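Notes follow once the structure below has been shown.
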Ligand code: AMP
Ligand code: FES
Ligand code: ZN
């Protein structure tokens, strides 16, 4: 995922997974140059608390921190999507915004590697969802090391892909790692909960079930990659990021949310 002389960006949300990630990486690899990247999403009763925890954590670890404040830099927050077509799927719009802004932050922080705190539970649930819906391209993108889509973009790595969310939580509790104590109110999405419930049911008598699925998924990736056509990417005419159409998903959503303010 990275070498001793690399400069590695770590996306830190304030949650237990990315808190465990930055803490474990800094303690485990003291000679690697890590830099923390945080997005202030402007979500009421949530984002300011996350920011405080990230600042506390990076101070404790003595790691350089770069923050992107959506409201200050782009003039809107994730809460503003409540006025748009995305009002019932804010998490989806938020995901698109986060993916784009993390690239911007990585460039500002002068790093070509972006590590995120995706855990085993996240990945297996998303994998199943993509499998049920036949989203093969999205399924392949869940792999632990993802090459840049275009030059100038980051290599995306998921060091905690084999760690469950409970392990990350215990790691934070036992190592006194500060992490957020409140939840984002938008995260309560029925479908995601159902997928999770099903996985918990299947894991009840077989605690290694999710890990087994992940291992089989790793075997499937090269087969899928061979079979899937490479998407034809162009540069978004507004931001220059890789896009399937003239305008990328991020710029389309930004336009939509800005329209509600005109
Ligand atoms: P999520 O998409 O919320 O499941 O988060 C997955 C990963 O994305 C986290 O473990 C972090 O590494 C990263 N991430 C999520 N939200 C933020 C944020 N506000 N700032 C920086 N990184 C984030
Ligand atoms: Fe993105 Fe909750 S953190 S919608
Ligand atoms: Zn764009």
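Taking each residue as 0.36 nm, the span from residue 132 to residue 181 lengthens on full extension beyond its C-alpha to C-alpha distance by 14.4 nm. Only helices enter the 222 nm calculation for the chain: every DSSP H run of n ≥ 4 contributes -39,500 (n - 2.57), and dividing by all residues gives -15000 deg cm²/dmol, rounded to 500. The label point for residue 83 and the one for residue 259, both projected 7 Å from the Cα toward the Cβ, are 1.3 nm apart. Springs join every pair of Cα atoms under 10 Å in this Gaussian network model of the chain, and among 151, 187, 19 the largest mean-square fluctuation is at 151.
Counting every Cα pair in the range 1-138, what percent are over 23 Å apart? All intermediate terms of the calculation are to be shown ahead of the outcome.
Working: 3683 of 9453 pairs.
Percent of Cα pairs beyond 23 Å in the range 1-138: 39.
Volume of the convex hull of the chain (Cα atoms only), normalised per residue: 138 Å³. Note on 49, 38, 100: ascending count of other Cβ atoms within 10 Å places them as 49, 100, 38, the fewest first.
If you take the Cα centroid of the range 1-41 and the Cα centroid of the range 134-158, the two points sit 18 Å apart. Residues 51, 71 in ascending order of nearby Cβ atoms (within 10 Å, fewest first): 71, 51.
Restricting attention to the chain, close to 20% of DSSP beta bridges with both partner residues there are antiparallel.
Residue 49 to residue 147: extension gain in nm, 0.36 nm per residue of separation minus the Cα-Cα distance?
Values: separation 98, 0.36 × 98 = 35.28 nm, distance 3.28 nm.
Using 0.36 nm per residue and subtracting the Cα-Cα distance, I get 32.0 nm.
Rounded to the nearest 0.05, what FRET efficiency do residue 92 and residue 31 have when you use their Cβ-Cβ distance and R0 = 41 Å? Between residue 92 and residue 31 the formula returns 0.60.
What FRET efficiency comes out for residue 252 versus residue 223 if R0 is 51 angstrom and r is the Cβ-Cβ distance? Round to the nearest 0.05.
Details: r = 33 Å, r/R0 = 0.64.
Between residue 252 and residue 223 the formula returns 0.95.
Between residue 1 and residue 74, the simple label model (points 7 Å from Cα in the Cβ direction) yields a spacing of 2.5 nm.
Under the rule a/c < 1.5 gives rounded, and otherwise a/b versus b/c splits prolate from oblate, where does the range 186-251 land using the Cα gyration tensor?
Numbers: a/c = 4.48, a/b = 1.67, b/c = 2.68.
Because a/c hits 1.5 or more and a/b fails to exceed b/c, the range 186-251 counts as oblate.
The Cα atoms of the range 69-190 cover 38, 37, 37 Å along the three principal axes, with the biggest extent listed first.
When you restrict to C-alpha pairs under 8 Å that are six or more residues apart and normalise by the size of the chain, the relative contact order lands at 22 percent. Pairs of Cα atoms nearer than 8 Å and 6+ residues apart set the relative contact order; for the range 181-262 it is 11 percent. Average projection, convex hull of the Cα set of the range 143-262: 11.8 square nanometres.
Every read-out reported here was derived from the displayed coordinates using simple, explicitly stated rules and does not represent laboratory data. These numbers come from a predicted model, not from an experiment. FYI the Cβ positions are ideal-geometry reconstructions off the backbone, even for glycines, and counts take in every protein chain you see.
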